[in-house]
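A short worksheet on the structure shown next.
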Amino acid sequence: MNIVVVGSGYVGLVTGVCFAELGLRVTCMDHDAGKIDRLTMGDIPIYEPGLQNLVRFNQKAGRLSFTTEAAACIGQADAVFIAVGTPTRKGDNHADLQYIFAAARDIAPHLRGYTTVVTKSTVPVGTGRRIASVIRDVNPAASFDMVSNPEFLREGTAIHDFMRPDRVVVGAESPEAVEVMRRLYEPLTRQDVPFVVTTLETAEMAKYAANAFLAMKITFINQMADLCEVSQANVNDVAKIMGLDKRIGSKFLRAGPGYGGSCFPKDTRALAETARSLGVDLGLVSQTMTYNDTRKHKMVDRILASFQGSISGKTLAILGLTFKPGTDDMRDAASLVIVPALKAAGAHLKLYDPKGMEEAQSCLGDDAGEWCANALDTLSGADGAVLITEWDEFRALSPETIAKTLKYPVVVDLRNVYDVESMASAGVTYTSLGRPVASVLSAPVVRAKIEAL
Ligand code: UDX
């Protein structure tokens, strides 16, 4: 089968390459000629583990090509996937659908024979039908059906998530379209991946519901971390105990500085906005968004408190800048709030991220601080460190190394990466999220209580 993927950003590229890997002939289309030139040469504009090799391999095998021209590929396609961005619209919190409708207008005149038009992009409920009507307006003779096939790809593990999904969701209008989707995903469904067929509206809504629920789960554990902090409980253990309950599950219960990335912030905003415009109260989602935004600022207060209220004139090592490890993506990263605030408070910053340096420099500005080459270089001679993103390179640092490399061993860990007692034994003044400080844990009365449990 032939497919075209419109939009060669993160989702479009991973989708196209993975379908090629599954044996389909795939054309990835994008208006950005520079991007298409780079991709044609096997050069990937984003960092995603494994993606570059997969692109080059499938190009060589003749299954994957790139173009800027709809006329060159749409007519031969059995299915056209729309995978363009749906960022937050300027001026309000709705999803900006201009790129979606532009893609629909772009492909419409070139549709030939029966074609399945699939939305991969995350779009508000009702958008699929609006896309169909745009296509019909431009090309009344087109023979096509609309499908909503949301993606659930996490940056950093996107290829695995495509190849081993928890489910494939197909919201479709007709049995013909369902059949096309079944054939496309057959290599996965043969391995028992659940294939859920539903309506267009349900598929569109399910994607938002899943992301909003995960965002809410993170927010819940972050709020529990706040409570643990003032009650000598340990949020890591609370999360573990909760997660062992199969009804809850252990994933997405790691306390942190507040979620970021290309999906949770924009999708929660869009879902809340859809609900508001339809007159439905989605209070849980609104509170999740508000708390998450505030949390990033609260992290700044926490850092200041760890340095007795003043960081003016101090040198701080900042470990990790991207919104999570395994990506170079800076969208809605906690560092975008924390770094400028620390700088404004008078600190000299030493900045480092294993993969996101280029992106971080362009988002934070070259003058945000001193850009370092690795973790040790960053820590060296600093008056303290703040860990924002939990890259393995930072996990690998021993407390002793941290203590002897910093000028003053003060560490604020916003991802609970290190062991509280080991840091204390190494002489580090250590602050993390929702965990009792070592002195409390080792106090004989607390120890006795824990052992008696
Ligand atoms: C997310 C969804 O997981 C994916 O299904 C979707 O379709 C796209 O959006 P992604 O944004 O790549 O994926 O990252 P994810 O791993 O979900 O993390 C999002 C944010 O939540 C990150 O900032 C991460 O650090 C934070 N997070 C995640 C936590 O703070 N705690 C957790 O337990 C999990």
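No lab work stands behind these numbers, since they all come straight from the coordinates. Given the structure is predicted, the values throughout are model-derived calculations rather than measurements. Cβ: placed from backbone, ideal geometry, glycine included. Neighbour counts: every protein chain shown.
Some observations on this one:
- Summing Lys and Arg as +1 and Asp and Glu as -1 over all other residues whose Cβ lies under 14 Å from the Cβ of Gly126 gives a net charge of -1.
- Global geometry of the range 206-259, whether rounded, prolate or oblate, following the gyration tensor of its Cα atoms and the 1.5 cut on a/c: oblate
- Listed by chain and number, the lysines whose C-alpha is less than 24 Å from the C-alpha of Lys404, apart from same-chain residues fewer than 8 away, are Lys314, Lys350.
- Cross-link table Lys240/Lys298; Lys324/Lys407; Lys217/Lys251, entries beyond 18 Å C-alpha to C-alpha: Lys240/Lys298; Lys324/Lys407
- Length gained when the stretch Val196-Ser133 is fully extended (0.36 nm per residue, less Cα-Cα span): 20.2 nm
- Residues whose placed amide H lies under 5 Å from that of Val118, excluding near-sequence neighbours: Val80, Phe81, Ile82, Val147
- Residues of type aspartates and glutamates that Lys60 reaches as a straight line, Cα spacing below 15 Å, ignoring anything fewer than 8 places off in the same chain: Glu21, Asp43
- Order of Thr405, Thr288, Thr68 - criterion: other Cβ atoms within 10 Å of each residue's Cβ, fewest first: Thr68, Thr405, Thr288
- Dipole of the range 212-442 computed with +1 at Lys/Arg Cβ and -1 at Asp/Glu Cβ about the Cα centre; of Thr268, Ala375, Val420, farthest Cα towards the positive end is Thr268.
- Kirkwood-type hydrodynamic radius, the range 212-442: 18.2 Å, calculated from all non-identical alpha-carbon pairs.
- Straightening the chain between Asp419 and Ala210 buys 72.1 nm, computed as 0.36 nm per residue apart minus the Cα-Cα spacing.
- Three-way shape call for the range 2-198 based on the alpha-carbon gyration tensor, with the a/c threshold at 1.5: rounded
- Residues whose amide H lies under 5 Å from that of Cys28, counting only those 5 or more places away or on a different chain, are Val5, Ser65, Phe66, Thr67; hydrogens are built 1.01 Å from N in the peptide plane.
- Cα gyration tensor shape of the range 282-370, rounded if a/c is under 1.5, else prolate or oblate by comparing a/b with b/c: oblate
- Antiparallel beta bridges, as assigned by DSSP with both residues in the range 2-198, represent about 10 percent of the total such bridges.
- Segment Asp43-Phe101, extension gain: residue separation times 0.36 nm, minus the distance between their alpha carbons: 18.0 nm
- Using bins of 10 Å that start at zero, the share of Cα-Cα pairs per bin across the range 83-186 amounts to 14, 41, 35, 10, 0, in whole %.
- Local electrostatic count at Ala272 - Lys and Arg +1, Asp and Glu -1, tallied over other residues with Cβ under 12 Å: -1
- Over the chain: helical MRE at 222 nm, DSSP H runs n ≥ 4 each giving -39500 (n - 2.57), nearest 500: -13000 deg cm²/dmol
- Assigned charges on the beta-carbon of Lys, Arg, Asp, Glu; the range 212-442 dipole about Cα centre (debye): 560
- Modelled FRET efficiency - R0 41 Å, Arg276 with Asp367, Cβ distances, 0.05 increments: 0.55
- About the Cα centre, charge dipole magnitude for the chain (Lys/Arg +1, Asp/Glu -1 at Cβ), debye: 560
- By the count of neighbouring beta-carbon atoms within 10 Å, fewest first, Arg269, Arg395 end up ordered Arg395, Arg269.
- Within straight-line reach of Lys266, meaning a Cα separation under 14 Å, sit the following aspartates and glutamates at least 8 residues removed in sequence or on another chain: Asp92, Asp96, Asp293, Asp332.
- The chain: relative contact order as a whole-number percent, Cα under 8 Å and 6+ apart: 11
- Charge dipole (the range 1-80, unit charges on Cβ, about Cα centre) - positive-most of His31, Gly50, Gly75: Gly50
- Between Gln232 and Asp377, the simple spin-label model (points 7 angstrom out along Cα→Cβ) gives 4.5 nm.
- Taking Met181, Met1, Met29 and counting other C-beta atoms within 10 Å, the order from fewest to most: Met1, Met181, Met29
- About the Cα centre, charge dipole magnitude for the range 245-332 (Lys/Arg +1, Asp/Glu -1 at Cβ), debye: 260
- The convex hull of the Cα atoms of the chain, projected and averaged over all directions, covers 23.5 nm².
- Trypsin sites (Lys or Arg not before Pro) lying in DSSP loop within the range 55-107, provided at most 14 other Cβ fall within 10 Å: Lys90
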